[in-house]
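**Student:** Take a look at this one; I'll ask things after.
The values are calculated or read from the model by the stated rules, or taken from the named source; none is laboratory data. Owing to the predicted nature of the structure, the values given are computational and were not obtained by experimental measurement. Ideal geometry is used to build each Cβ from the backbone, glycine not excepted, and the neighbour counts take in all protein chains shown.
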Amino acid sequence: MNADNTKSKSFQLQRLGLVMEPEHGNPQEIEGVLNPAAARGPDGELYLFPRLVAKGNYSRIGIARVRFNEAGDPAGVERLGIALEPEADYERRPGCGGGCEDARITFVEPLQHYLMTYTAFSADGPRIALAISSDLFHWQRLGLATFGRYHGIEIGSVDDKDASLFPVAIPNPSGQPDLAMLHRPLFPGTRPEETACCAGSREVDLDRESIWISYCPMPLGGHESDSPGAFACHHRLATPVSPWERLKVGGGTPPILTRHGWLIVYHGVSEMAQASEGVHPLCYSAGVMVLSKEHPQTIRYRSAEPALTPSLPQERAGAVANVVFPTGIDRRDDLGSPDRFDIYYGMADNRIGVARLDMPDLLPPGGAADPPGAKV
């Protein structure tokens, strides 16, 4: 795809290649490397924070420096060690299991620190955890994120994943500037494996099957002892509306500000066209969402069709087949290309790929999906 053609076409991701796969003989990666956070360090270098999966689904969050080729495209990584591994009770499961998984990292400007959101996997299930750093190499845990209730729903007591933070204070529904988090609570009955059993059209439970924005007061300082308070104010942002996301939508890359608003590359889940022996194979695809700069609860653009679907052998076969899962984003200011974004994504829960997204001069027409409330 020629980058110039994107000015008049819908958002599409142009694959740039494979950047990381399990290292032969490395027991920390024997079950896969996937779903990395991406962040520019104080030195200007780009670092990935991949999920490293050892035997028994024991997950750590690693650190790797991205290497670029002469054209400026990502070409590989240099492994630098471990950022987090299961140590806290909320990260460990009985026996030797545990998980620090699927990190996203945002430099929060009011705090002048990096905040990491990641999935902590314990006997209670997956929950959102937080850590803080000034340099990307030394991380201090802030504990599990806490949430207030919403219309009788105890959000903090259900499984939760795919969290990311805005880099600046965002107005909450009352207009007050807060720290804002995108996340996807996994309410009982809304997992893709459960909703795949519903043949044909089905009613979407708007309170449950959604990407949410939740708000808490911005911490006053940027010190490691400063933990955010409760995310007590909630707003439903996006729910499944298009066929490619029929079973589920969830967060992806952290929001990043563009000329058109806050850009998010998110994921949707649908069923594969052909099922066998009563099994419903699932397909994870990626789409684009643009939120209003002034009022991020307003969606300005949303992919009616996926921007990236599994097609490569590395995306169609792996630990979990038919998966592209976006988690990291890098604006290429280093190349003088602020409208170019490199998207790092998991490939079949086993490897890491990267694709290029070019911001068009105008938002493409017809990109907004149907409003929530329709059957899918």
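**Student:** For residues in the stretch 191-218 being touching a strand residue (DSSP E or B) at 6+ places or on another chain (Cβ under 7 Å), part of a loop (DSSP other than H, G, I, E, B) and modelled with pLDDT under 55, which is nearest to TYR284 (Cα to Cα)?
**Tutor:** The extreme case among them is ALA196.
**Student:** Using beta carbons and a limit of 6 Å, which pairs, at least six apart or on different chains, have the first residue in the stretch 72-89 and within 14 Å of GLU45 (Cβ to Cβ) and in contact (Cβ under 8 Å) with a residue 24 or more places away in the chain and the second one of a type in the set (A, V, I, L, M, F, W, C) and not in a strand (DSSP E or B)?
**Tutor:** From the stretch 72-89, the pairs are GLY72/LEU335.
**Student:** While we're looking at this one, here's another question. I'm trying to understand the selection: among the residues of the stretch 37-90, which are under 24 Å from VAL158 (Cα atoms), in contact with an Asp or Glu (Cβ under 9 Å, 6 or more places away or on another chain) and not hydrophobic (A, V, I, L, M, F, W, C)?
**Tutor:** Residues satisfying the conditions are ARG51, GLY56, ASN57, TYR58, SER59, ARG60, GLU85, TYR90.
**Student:** Also, quick follow-up: What are the residues in the stretch 284-306 that are small (Gly, Ala, Ser), touching a residue at least 40 places away in the same chain (Cβ under 8 Å) and surrounded by fewer than 21 Cβ atoms within 10 Å (Cβ to Cβ), if any?
**Tutor:** Selection gives ALA304 alone.
Residues are listed down the side, and each one gets a yes or a no for (1) in contact (Cβ under 8 Å) with a residue 12 or more places away in the chain; (2) crowded, with 23+ Cβ neighbours inside 10 Å; (3) closer than 24 Å to HIS295 by Cα:
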{"site": "GLY99", "(1), (2), (3)": "yes, yes, no"}
{"site": "ARG104", "(1), (2), (3)": "yes, yes, yes"}
{"site": "ASP124", "(1), (2), (3)": "yes, no, no"}
{"site": "ILE155", "(1), (2), (3)": "yes, no, yes"}
{"site": "ASP159", "(1), (2), (3)": "yes, no, no"}
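**Student:** Also, quick follow-up: Looking at GLU70, GLU87, GLU91, GLU78, can you tell me which residue is buried (at least 21 other Cβ atoms within 10 Å of the Cβ) and of a type in the set (Asp, Glu)?
**Tutor:** GLU91
**Student:** Evaluate the stretch 237-246: report whether one residue or more is more than 12 Å from SER285 (Cα to Cα) and assigned to a strand (DSSP E or B).
**Tutor:** Yes, because at least one residue in the stretch 237-246 is more than 12 Å from SER285 (Cα to Cα) and assigned to a strand (DSSP E or B).
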